[in-house]
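In what follows, a single structure is set out as structure tokens and then discussed.
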Amino acid sequence: MIQRKAFDGISEDAAKVISNIKSRWSCRIFKDEPVPKQVIEVLIDAANYAPSPKNCQPWEFIVLSGEPLHQFHESIDQWIKEKEDIKSQKDELKKLLPDGEYYTTLPRELLKRQKHFLQKVSEQLEKFGVKLKDVYKNTFYCHYAPAVILVISDSVKRDRHGLEVHQALAAAIQNILLVSHALGYGSCWIGDILRFGKKLNTHFAISEMKEVVAGIAIGRPGISVTDVSDKIKEAVDDNISETDFTMERIPKEPVDTKVKFFGF
Ligand SMILES: Cc1cc2nc3c(=O)[nH]c(=O)nc-3n(C[C@H](O)[C@H](O)[C@H](O)COP(=O)(O)O)c2cc1C
């Protein structure tokens, strides 16, 4: 098992960096408070310091707030409706599959960890009288965060170089998450918007040669005025203090990390 405690003699600066990494968490309920442009600029600047293959910095960003973000939400409404029409046909198809199971490329052990995590989130939300499904459906809307950064990559071939570019984008995203956290902002990496695929290109007039690889929700952690669920609204009306609803990070339980040391 990997040691979770820092060793003695660690410098104060190093301890701060490690603490920022370990205390970052995915925020899914945001305050309806605008994120200043200067904050976003600090985040993008941090992204540019991420490692990338031969420093090619293969990322571009579109940052949304206010009305353009609202219009994006409206398009998402539409895209989800269109998908639901197809879904009913898909359910029919599913019945024809041998075991009718949801197809995934993830190995069983990883699926088990995901399920466990969702259970934990669910338990946390239940404390506020909120159902997981009410929060999770907001994932497609980047959890209604007041600012959303879309991360765009050249649509590289899925070969070795393409993989490297992808890894660089992930490093840039992580920089954004870590700096947001250090600045007191909540953030959430959103892969679920990938389901909208090329519709995102059309909406934002992104060249066919590029693709959106993730969204990042940014905002102050808290409850969203944009109505997470009626339950929250009711509770707020009952004057339960706002801090009671601030989501917190789900403590990370140690997993049996597969790591081999040689020569130690
Ligand atoms: C590639 C990737 C895609 C993700 N997509 C989503 C998403 O679509 N919606 C969401 O709410 N969280 C998403 N997350 C956040 C993860 O659920 C979260 O990082 C994980 O559960 C660990 O929790 P933590 O970030 O609080 O430590 C994503 C994370 C990664 C790395």
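Please treat every number below as a calculation from the coordinates, not as lab data. Quick caveat, the model's predicted, so the values are computed rather than measured. FYI the Cβ positions are ideal-geometry reconstructions off the backbone, even for glycines, and counts take in every protein chain you see.
At a 10 angstrom cut-off on C-beta neighbours, averaged per residue, how do the peptides 61-70, 26-35 rank from highest to lowest? It would help to have the intermediate numbers written out before the result.
Values: 61-70: 15.1, 26-35: 20.1.
Highest mean packing first, the order is 26-35, 61-70.
Taking the centroid of alpha carbons for each part, the range 19-41 and the range 134-153 are 13 Å apart.
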